[in-house]
Amino acid sequence: MKLKKYHKILDSSAFIGGYTPSDEKNYTTPEVTEELKDLKSRILLEKSLEEGKLKIINPKKEYIEKTEKLAEKSGDILRLSKTDKKIIALTLQLKNENKKVMMITDDYSIQNIMKIIKIPFKSVITEGINKIYQWEKICIGCKKRYPPDHPSIQCEICGSKIIKKKRK
Ligand SMILES: [Zn+2]
């Protein structure tokens, strides 16, 4: 799936999962930005805004109402927070502006609504797991292998540097 073709809508889990906008076609809502509390996702958010790669849009009321009807029909109404509903509403709004949209989320209820309205979505965490499996860390001295999330850059056996390497 070529992400560049799409206007991407990011929910909180996209930022928390470390999704990094690479072009200027990324959108979110004010509620999502308020939800982000951890330092890593706050930095990601601020950097994206500074670089002009993210727009914060408050969706129009008519699309919020549409979302509520959709969620009621699908049975997801109780699982969706106000933030979730507004991010779905923003998706509907951009789609209505004839934009090719894609939702970036790890939330199953939001993904479920995307299936119903036939909007493609992408999960960040799943992507992250794939990446973890392709990498390992290895000591440049004694060649000891470490898991990809090993926190230190110094080998505990020989003291040499540990580098990230593609797993064969
Ligand atoms: Zn070593």
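Every read-out reported here was derived from the displayed coordinates using simple, explicitly stated rules and does not represent laboratory data. Quick caveat, the model's predicted, so the values are computed rather than measured.
Give the cross-link partners of K165 among the lysines, using a straight C-alpha distance below 16 Å as the criterion and excluding same-chain residues fewer than 8 apart. Qualifying lysines at Cα under 16 Å: K131, K137, K143, K144.
From the cross-link list K53/K85; K25/K161; K55/K166, which pairs have alpha carbons spaced over 31 Å apart?
Listed pairs above 31 Å: K25/K161; K55/K166.
Under the criterion of Cα pairs below 8 Å and six or more residues apart, the relative contact order for segment 3-122 equals 32 percent. Partner aspartates and glutamates whose Cα lies under 19 Å from the Cα of K82, excluding those fewer than 8 positions away in the same chain, are identified as D11, E31, E34, E35, E62, E65, E68, E72, D106, D107.
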